[in-house]
Structures are given as C-alpha cells and as structure tokens.
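This report concerns only the one structure given below.
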Amino acid sequence: MKSKGIAIPYVVWMAVFVVAPLVVVVVYAFTNRDWSVTLDHFTTLGQYAGVFGRSFLLAFVATIVCILIGYPLAYFLARERGRLRGMAMLLIMLPMWMNFLLRTYSWVFLLERNGFFNNLLSAIGLPKLDIINTSGAVVLGMVYNFLPFMVLPIFSVIEKIDPRVIEAAQDLGADSATVFRRITFPLSLPGVLSGITMVFIPSVSTFVISRLLGGGKTLLLGDLIEMQFLGSAYNPHLGSAISLVMMVIVLICMGVMNRFGEGEGEAVLL
Amino acid sequence: MSKELIRLSDCVVKYDDDIILDHLNLYINDKEFLTLLGPSGCGKTTTLRIIGGFQKPTSGDVFFDGLRINDVPPHKRKVNTVFQKYALFTHMNIFENVAFGLRIAKVPEPEIRTRVEEALALVNLAGYGKRSVNSLSGGQQQRVAIARAIVNRPQVLLLDEPLGALDLKLRKDMQIELKRIQQQVGITFIYVTHDQEEALTMSDTVVVMDKGNIQQIGTPEDIYNEPKNAFVADFIGESNIIDGIMYEDKIVGMYGKKFPCLDSGFSPNEPVDVVIRPEDIDIVPVEQGQLTGTVTEVTFKGMHYDIIVDFRGFKWLIQTTDFSPVGSRIGVKIDPDGFHVMKKSRYSGMFGDYSSYSEEYDELNEDTPEGSDEE
C-alpha cells in the first residue's frame, strides 16, 4: 500500500508531462490549421524524404563511429585499475559538465575557414580544408557530444563481467581472441544496445549540431521540426506530423534492435 | 601407488611484502583425490591457481608430468577448473556451456553431441541441454560446471570450494557424488576447501595448510589420528591440547601425574603438546578417575552430549552419551591409545582450550564461505 502511495507523484508527472504532450502532438498531426481532421501532412511528407534519409544516415554513421571509438575505450577502461582509469573517466565526463551549446560552438571555432585547425595547417604550409558546413562536421559534432553515452553503458557492463567467467573460458582452452569473441563481447551486448539507443536517438533529432556545424546546408529532421514551430515556415501541425513519423521510425528501429539482443537483457528504451 | 603427475617445487608467492605461499613443496600423484585444506588466507586457493595457470609463482617451479609449465598459459594446460561460484556462461544454454571446450578444440559436431550428453548424464542432468543457466538451482549449476570441465577429459580437475555456496544437505549429497564421479572417470582431483569434514569424507590425501605453509600431508586417518602439531589437531575435528612432559617412552605427564601412552621417540623430559580427542575420554566415578574435574557446561547434541569439564582451570571438551549435570564432580579415564603426543611448535598454547567454548561455536557458525577470500 505504502509503495503505491510513493508512486503517485511519478504517475501524475508522467501523465502531465509525457502522456498529455504526446496526445497533443497526435491531435496536431492529424488536423489542419482550422482543426479539421486530415491526413495531408502525412501524404505530403514524401517531399521531405531527403531530410529523413540524411538524418537517419548521419545518426547511423555517428552511432557506428561512437561504437568503434567507444567500445575499445570502454573495454580498456573496464580492464584498467587505479589512477589511470579515474583520470580517463574524468576526461570523458568533463565535457558533459559544460554547456552543450558552448561545446558545439567551440568546434565551430576550431573548424571554421579561418579557425584553429586551418591556421595550424597554413602555418605549416598546407592548404586549408573545408571542414565546417559539411556532413562530416555534423557527424563529428554528434560523435563528440554523444560519445560518453556510448562509453559509459558499455563500460559498466564489461566491468561487471565476473573475472572468473573469463578465467573459466581460458581454462577451457580459449585464447584471448576467442574469449573476447565468445564471452566478453556477447556479455557486453546489452551495454552496446543501451549505448546505441542513447547515441542514435539524440543524433537523429538534433538541430543545434547541424545548425552550427552543418551551416544550414545539411538540413536535418530536428531543423525541419524546429522551423515548423519557431521558424518562418510556422506550421505546428506539419511539425507534429514529422515528429510523430520520426518517433515511430525510431521505435521500430529500437524494437528490431532489442529483438537482436533477446536473452541478453534489453536495451534502455529512452 | 601411482606415478607422480604434478610437482610444485619451492614455490613462493608474494604480493608486495605479503607472503602468500612460503617455499611450498608438494607433489600430486596421478588419479588421486587430493584436498588442500585450511582456513581463509592459508594459500590453498593460490596453490590451486598456480596449478591452473592463473597465477605465476614469484619464485619456484611447477612441473606437470615432468615438464616445467611455469610459462604455459591456462588455455594450453591439460587441467580444467570448477570455480567457486560456478562461473557459467549465462548467455549460452546448458548444452553450449558444456560444449564450449570441445568447440574450441574443434571436435566434430556429432562427437560433441555424444560427449556433452555423456557428461550431462554423468552429473545426473541428462536432458537439461536446452535449459538456460538461470533456470537451474545452485546445485544443478554446480553440476553443469563439473560437466563443463570433465567433458574435455582433462588429466586433472581442479575444484575451488565448489560446494561452498550450497546448503548443508545438498553439500553432503554432492560430496558423495563428486567421489563417485572421480572414481568413474579415473582422473586426478585437486580439491580446495576450508571444511575439514568435506576433506575427510572425500580425499585420498589431505594437505593441511596455514599461513602459506603446509602443516601436514597424509591420509584422512593419519591427519585425524596423528596430527603433527596443535594447529592440525585443532583444525581437524575437536581436540583438547594440554601442556605435557614426555618422561620417557610411553609415559607422558600432565597435571603432575604420569599416564601410560603409546608414543615414543622423544628425548627424556621433553616438553610436549598432548592431544586428547573428546570422544576418547571415558567418564568414571571420581574415585576411579585418573583425573577429576567439575562439569561447567552441558550441551545436548543429539547423538551425544558435549560437556565442558574444568580440570584445574583448563577446560576440556568431552563427548559422551552419559549425562552429568552441571556442577557435578566427575572422574575421567583415558586409554593409552587415547593420548597423542606432539612436539612443541609455533602453534603451542594457541589452541585446544575450551574456556571460550560457546564463542568458538559462534565462530564456526559464522564461518560460512564468502566470495574470493584469498585475493
């Protein structure tokens, strides 16, 4: 009885701030400016296929890069003991304590035409590169900002693997490559799945990163949605429809992924 | 009996300045059931890990079948280990757990199938192959761990307190089971435990260890009947250990009296420790007693009473089926074969007094196995 009472504020919170806004989004998505029910927003979404494609592609690439960088890093940290590990953890966490916008702006400063890197390049006599305002810069921004969300869940899962299980595998004849392939990696999959979720979803819906580092050339879903609510193209109904479709696609992706990881524990569905 | 299979020669293990193993010498015969027995931190698990290859001795050599194997990694050794907390692969079903070693050895699939089924049948888990690890009880998981090790047909099976996490009844069943498995497959078992009863029940040879040293090696009967020092006498079973003097061969003195015994080979008037097992003491009327004392405590144990008797300030434990009330004066009589005389050692005076009898029992009850007690 008591425990139920404690849950009440949470239920109210969920109802007011999660369920109700979702209902509002759904209502907006299926209505016109004059509140008549319509499916027009969905049928015309085809024209934004490019934006959808680009958003999911860039988020996908960023997620893959995060896995490629984050997994070895997390693996190394989980095996490491002592001061080095503490230092490395601090370095990974430190940027997260800084303002997101500030972090991204500093990349603008580093990458722009007359920015830090290009000045460095010309100082040593190399030609300047166009880094900013490319898809690459956007992916870089995503990887930089969301990498900790890949490292931390993988780290915590690998760290919890019982060393005796590894020893048992060695004892049964597995060399270190086999131990990784047959034991450590499969056991760390739940962490990888959580990491993918926590990197992919914010990447797909980001608009700050693409605005600042993509320079408006790489329009992403986040930008498109933002324009419908705050920008010149003001149309919350269309914005809601796009948001809804994006959400459904993300949910499908996560559903498929959790299928893969069945029996390995489920990824966190944010 | 059979040929020597493993030899640890002058092995030392140190962490910083902590000496875990102190110049250990041990050889292990083929096909024997050998138990490393001792309290937490005595170095028994470290010894096992050296044989398994998980730990390198700081100095000293390890030989297997005559070859030095110090630098052979675990996956290339012909030994398999059953770990304390099973260490099963939770992402695989039972069949795949057991098949793991065979798959790595690239055994053909049909052979894998028959061998895994055989191994599961050996541990009474036939037909469990498709189950998940988490659906099994602790005892079943432990048997899977045994099957997983044995299926590879190792020459030696190492068992690190494998029954520690099981409840008492299951533990007793598994002791008999393990002995049966060892005889059936006919390989060497090296078993680590802190449970003396377990060691006596299963072993051909018991190695009693303390503080990184071997205290005594022998058959269970030897260890129980002829303990080498006060530590062994106290650790194996219950013992009253009394200061005594060996007047001459077959005459031991304590409390200023002379008693006939069977021990010999000490120098005249050498101070010794005298061990008297609680079950070797007969209670007799005061006038017939070799010694007389006062009963201070009586505990009913089912089969017998544990009574504590005060002999001039030194308290003995006596196990008897005759009830004597607290406060009564009794006489005791000990047959010559009831005395066991030991040379004085660093353990003299540390054990064998039952003044703190009830506390000791509390300690025993608290002595439930914890996780990795020796790292």
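Using a 10 Å cut-off on Cβ atoms, rank the peptides B:331-342, B:195-206, A:26-37 from the highest mean neighbour count down. All intermediate terms of the calculation are to be shown ahead of the outcome.
Working: B:331-342: 17.5, B:195-206: 19.9, A:26-37: 13.2.
Highest-to-lowest ranking by the protection proxy: B:195-206, B:331-342, A:26-37.
Of the DSSP beta bridges with both residues in the stretch B:4-225, give the percent that are antiparallel, rounding to the nearest 5. Working shown, then result.
On the way: 21 of 39 bridges.
Counting DSSP beta bridges with both partners in the stretch B:4-225, the antiparallel share is about 55 percent.
Measure nothing but the geometry: give the 0 to 90° angle between the long axis through the Cα atoms of B:109-122 and the longest principal axis through the Cα atoms of chain B, rounded to 10°.
20
Once the Cα gyration tensor of chain B is found, what semi-axes does its equivalent ellipsoid get, as square roots of 5 times the eigenvalues, in whole Å, sorted largest first?
Details: eigenvalues 397, 117, 56 Å².
Computed over chain B, the values are 45, 24, 17 Å.
On the Cα set of chain A, report Rg and Dmax in Å, please.
Cα radius of gyration and Dmax of chain A are 22.3, 74 Å respectively.
So what is the accessible area of the protein assembly as shown per residue, in Å², with the probe set to 1.4 Å?
I get 48 Å² per residue for this part.
Return the FRET efficiency for the residue pair residue A:177, residue B:15: r is the Cβ-Cβ distance, R0 is 22 Å, and the value is rounded to the nearest 0.05. Show your work: numbers first, answer last.
Numbers: r = 29 Å, r/R0 = 1.34.
It comes to 0.15.
For chain A, with a Gaussian network of springs between Cα atoms less than 10 Å apart, report the residue from A:236, A:163, A:153 with the top mean-square fluctuation.
Fluctuation is largest for A:163.
Please state the relative contact order of the stretch B:4-225 as a whole percent: Cα pairs under 8 Å, 6+ residues apart?
Relative contact order here is 29 percent.
For chain B, take the longest principal axis of its alpha carbons; what is the angle in degrees between that and the long axis of helix B:357-366, to the nearest 10 within 0 to 90?
Its long axis makes an angle of about 10 degrees.
Taking only pairs that are 8 or more places apart or on different chains, how many Lys pairs in the stretch B:230-366 have Cα atoms under 18 angstrom apart?
9
Which values, in whole Å and largest first, are the semi-axes of the equivalent ellipsoid of the protein assembly as shown obtained as the square root of 5 times each eigenvalue of the Cα gyration tensor?
Values: eigenvalues 999, 161, 123 Å².
The equivalent ellipsoid of the protein assembly as shown has semi-axes of 71, 28, 25 Å.
Can you tell me the relative contact order of chain A? Whole percent, Cα pairs under 8 Å, sequence separation 6 or more.
On the way: 291 pairs, mean separation 71.9, N = 270.
Reported relative contact order: 27 percent.
So what is the relative contact order of chain B, in percent, for Cα pairs below 8 Å that sit 6 or more residues apart?
On the way: 769 pairs, mean separation 59.1, N = 375.
Relative contact order here is 16 percent.
Please sort B:5-12, B:140-147, B:37-44, B:261-268 by packing, taking for each peptide the average over its residues of neighbouring beta carbons within 10 angstrom, highest first. Don't jump to the answer; show the numbers that get you there.
Values: B:5-12: 18.8, B:140-147: 24.6, B:37-44: 22.6, B:261-268: 13.8.
So the order, starting with the most tightly packed, is B:140-147, B:37-44, B:5-12, B:261-268.
Summarise the accessible area of chain B (1.4 Å probe, protein heavy atoms) by the percent that is carbon and sulfur. Intermediate results must be reported in sequence, preceding the final value.
Values: 8320 of 16700 Å².
Here carbon and sulfur together make up 50 percent of the probe-accessible area.
Search the structure for amide H atoms under 5 Å from the amide H of residue B:216, placed 1.01 Å from N in the peptide plane, and list their residues when 5 or more places away or on another chain.
B:208
Restricting to DSSP H runs of at least four residues, report the calculated mean residue ellipticity at 222 nm for chain B, -39500 (n - 2.57) per run over all residues, nearest 500 deg cm²/dmol. Don't skip to the answer; put the middle values down first.
Numbers: 9 runs with 94 residues, N = 375.
After summing the helix terms and dividing by residue count, I get -7500 deg cm²/dmol.
For the stretch B:230-366, what value does the Rg/Rh ratio take when both radii are computed over Cα atoms and Rh is the Kirkwood radius, given to two decimals?
Details: Rg = 14.7 Å, Rh = 15.3 Å.
Rg/Rh: 0.96.
Above 16 angstrom, tally the Cα pairs of the stretch A:1-65 and express them as a % of all pairs, no decimals.
On the way: 1445 of 2080 pairs.
In whole percent, the share of Cα-Cα pairs in the stretch A:1-65 beyond 16 Å is 69.
Starting from the Cα of residue A:160, draw a straight line to each of the lysines and keep only those under 18 Å, dropping any in the same chain fewer than 8 residues away.
Excluding near neighbours in sequence, the set is B:85.
At q = 0.15, 0.17 Å⁻¹, what log₁₀ I(q)/I(0) does a Debye calculation on the Cα points of the stretch B:2-107 give, no solvent, two decimals?
So the normalised log intensities work out to -0.74, -0.91.
Equivalent ellipsoid semi-axes for the stretch B:4-225, as square roots of 5 times the alpha carbon gyration tensor eigenvalues: give them largest first, rounded to whole Å. If you can, show how the numbers build up before the last one.
On the way: eigenvalues 168, 81, 49 Å².
Equivalent ellipsoid of the stretch B:4-225: 29, 20, 16 Å, largest first.
Provide, in order from the shortest bin, the percent of all Cα-Cα pairs of the stretch B:117-199 in each 10 Å bin, continuing until the bin that contains the maximum pair distance.
Each 10 Å bin holds this share of Cα pairs: 17, 54, 28, 2.
What does the C-alpha gyration tensor say about the overall shape of the stretch A:1-111? Classify as rounded when a/c is under 1.5, otherwise prolate if a/b is larger than b/c, or oblate. Don't jump to the answer; show the numbers that get you there.
Numbers: a/c = 2.63, a/b = 1.41, b/c = 1.87.
Oblate.
P(r) for the stretch B:48-161: what percent of alpha-carbon pairs falls in each 10 Å bin, starting at zero?
Reading upward from the zero bin: 14, 43, 29, 12, 1.
Name the lysines eligible as straight-distance cross-link partners of residue B:78: C-alpha to C-alpha under 23 Å, and not fewer than 8 places from it in the same chain.
B:3, B:31, B:44, B:56, B:106, B:179
Choose one of B:259, B:193, B:46: the residue whose Cα lies farthest towards the positive end of the charge dipole of the protein assembly as shown (beta-carbon charges +1 Lys, Arg; -1 Asp, Glu; about the Cα centre).
So the residue furthest toward the plus end is B:46.
If each residue of separation counts as 0.36 nm, what is the full-extension length gain between residue B:323 and residue B:286 once their alpha-carbon separation is subtracted?
On the way: separation 37, 0.36 × 37 = 13.32 nm, distance 1.50 nm.
Additional length available on full extension: 11.8 nm.
At what distance in nm do the modelled label points of residue B:132 and residue A:120 sit from each other, each positioned 7 Å from its Cα along Cα→Cβ?
For the pair residue B:132/residue A:120, the computed spacing is 4.8 nm.
What quantity of accessible surface, computed with a 1.4 Å probe and excluding non-protein components, is buried in total between chains B and A, in Å² to the nearest 100? Mind dumping the intermediate values first?
Values: alone 17600 and 15540 Å², together 31270 Å².
That pair hides around 1900 Å² of surface in total.
Mind jotting down the distance between the C-alpha centroids of the stretch A:14-31 and the stretch B:147-166, whole Å?
58
Please report the antiparallel percentage of DSSP beta bridges with both residues in chain B, rounded to the nearest 5. Walk me through the numbers before you get to the answer.
Numbers: 61 of 79 bridges.
Approximately 75 percent, going by the DSSP bridge assignments.
Give the average over all directions of the projected area of the C-alpha convex hull of the stretch A:105-191, one decimal, in nm².
8.6
Return the FRET efficiency for the residue pair residue B:56, residue A:108: r is the Cβ-Cβ distance, R0 is 45 Å, and the value is rounded to the nearest 0.05. Show your work: numbers first, answer last.
Working: r = 53 Å, r/R0 = 1.18.
The formula returns an efficiency of 0.25 here.
The values are calculated or read from the model by the stated rules, or taken from the named source; none is laboratory data. Because the structure is predicted, anything quoted here is derived from the model rather than measured. Cβ: placed from backbone, ideal geometry, glycine included. Neighbour counts: every protein chain shown. Each accessible area value is taken on the protein alone, full model and side chains, heavy atoms only, with ligands, DNA and RNA left out. Shrake-Rupley method; radii C 1.70, N 1.55, O 1.52, S 1.80 Å.
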